[in-house]
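Okay, structure first, notes after.
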Amino acid sequence: MLTRLTLTDFRSYKALRFEPGARVCLFTGPNGSGKTNLLEALSLLVPGRGLRGAKFAELARRGADASQSWAVAARFDDGLEIGTAQAENAPERREFRLNGVKPRAQAQVAEQLAAVWLTPQMDRLFTDPAAARRKFLDRLVVALEPSHAREIAAFESASAQRNRLLQERPDPGWLSALEDAMARHAVAATAARLALIRALNATLAEGAADPFPRVTLALDCAIAARLDAHPAIEVEDGLRAALARARPQDGAARAATLGPQRADFLLTDSHTARPAALSSTGQQKSMLIGVVLGHAALVGRLRAAPPLLLLDEPLVHLDEARRAALIAALNASPAPAFLTGTDAQPFAGLAGACYVVAESTIHPA
């Protein structure tokens with residue numbers, strides 16, 4: 001359980017030391033009071049750009065001394081300490097400290113702590129472009145396979161180098177080396193996505209997220225389809241050859257037409273077979289909550305420690321029955337949960353601590 005959160009020049013907070021009084025914490029208050037900023041700070045305790053996907057330079061408090069970077073730090077009841085801050089002289093980089101020591105790689109931080117979140121912006125997940133759904137899926141994967149982020153980044157780096165080379169004077173040997181890296185990282189990333197989807201489908205089928213809709217997850221991806229029928233080494237060889245054949249096409253498009261960046265993450269209601277994309281906003285929200293709760297159960301079982309659940313305005317678009325179901329699920333779950341809402345009344349029955357946020361200060365309700 002989180003026992004202490006400290007913020008320095010972060011968003012609307014000049015300085016904050018917050019000691020949660022329960023496993024589940026509800027933050028209430030008017031719009032603009034700083035509630036979502038707290039959840040964003042918690043989301044930055046794991047690698048990535050956090051629940052808003054903001055540039056790191058945008059996280060500094062307005063009016064802060066330009067020489068002072070923002071910082072977020074947390075301590076947990078098992079003694080774990082994680083801190084992160086804007087890197088000195090590099091506004092678009094941040095650094096971590098794990099128990100006071102700089103880790104060799106950010107994956108070491110992800111091995112110690114996982115987090116998953118839902119925000120109001122994600123209500124558009126199934127109408128937004130596929131990239132948003134891939135990011136959501138990859139966050140779920142990283143919670144169980146921290147090296148997955150490195151595979152995605154390595155593929156993107158090799159792909160970007162290949163794109164530049166195709167615009168210049170192509171060197172066949174260099175292109176082959178880059179395509180070899182792209183194939184290896186693409187297959188590894190896709191295999192990790194498939195492993196998460198299979199494990200989560202099994203967990204949801206067991207009723208881990210009941211009474212929320214049971215959903216079936218799938219990956220619409222040519223590489224995934226090949227992996228279902230062939231060994232990984234054969235898929236790598238095939239992808240490597242396909243990338244070589246696609247050089248003229250990719251050079252004209254200025255982008256790779258093959259790879260994990262072309263995949264889409266799909267959800268379907270297991271009972272009605274209705275795709276999430278064709279469901280109502282409330283049904284989509286219920287599906288996503290079910291996935292998050294099932295994922296928390298899966299992570300808790302496989303990592304022996306559940307992830308942080310960060311739920312920004314989670315009751316929006318839910319009917320009364322679903323609201324009660326979410327509150328009951330959070331009461332029963334061992335996962336640390338942090339929620340926001342403008343009013344505490346809709347959360348009646350939630351077992352935890354309630355706080356009022358006003359002008360970036362926190363008071364017990």
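Just so you know, all these numbers are worked out from the coordinates, no wet-lab data involved. Given the structure is predicted, the values throughout are model-derived calculations rather than measurements. Cβ sites come from the backbone with ideal geometry, for glycine too, and all protein chains shown count toward neighbours.
Worth a mention:
- Per the Debye calculation on the range 47-190 with a single equal scatterer at every Cα and no solvent contribution, log₁₀ I(q)/I(0) for q = 0.09 Å⁻¹ amounts to -0.39.
- Full extension of the chain segment joining K14 with A304 gains 100.9 nm, where the gain is 0.36 nm per residue of separation less the Cα-Cα distance.
- Packing-based ranking, highest mean first, of 188-197, 2-11, 285-294, 338-347 given that Cβ atoms within 10 Å are counted: 285-294, 188-197, 2-11, 338-347
- Applying 1/(1 + (r/R0)^6) with R0 = 45 Å to the Cβ-Cβ distance of H363 and A87 gives a FRET efficiency near 0.85.
- Counting only lysines at least 8 places from K285 when in the same chain, those with an alpha carbon closer than 23 Å to its own are K35, K135.
- For the range 1-130: span of alpha carbons on each principal axis (Å, largest first): 41, 34, 33
- Value of D in µm² per second that Stokes-Einstein yields for the range 187-256, Kirkwood Rh from Cα pairs, at 37 °C (0.692 mPa s): 230
- The range 91-138-the range 21-57 distance, computed between alpha-carbon centres (Å): 12
- Relative to one another, the C-alpha centroids of the range 250-279 and the range 327-347 are positioned 32 Å apart.
- Prolate/oblate/rounded call for the range 124-303, Cα gyration tensor, a/c under 1.5 rounded: prolate
- For the range 254-309: rounded, prolate or oblate by the Cα gyration tensor [a/c cutoff 1.5]: oblate
- Each listed q (0.19, 0.21, 0.31 Å⁻¹) maps to a log10 I(q)/I(0) for the range 277-326 from the Debye sum over equal C-alpha point scatterers, namely -0.67, -0.78, -1.16.
- For the chain, diffusion coefficient by Stokes-Einstein and Kirkwood Rh (Cα), 37 °C, 0.692 mPa s, µm²/s: 150
- Expected 222 nm ellipticity per residue - DSSP helices of 4 or more, -39500 (n - 2.57), all of the chain, to 500: -13000 deg cm²/dmol
- The angle between the Cα long axis of helix 148-167 and the longest principal axis of the Cα atoms of the chain comes to about 40 degrees, rounded to the nearest 10.
- Protection proxy ranking, peptides 161-167, 97-103, average beta carbon neighbours within 10 Å, highest first: 161-167, 97-103
- Dipole magnitude of the chain about its Cα centre (Cβ charges: Lys, Arg +1; Asp, Glu -1), debye to nearest 20: 380
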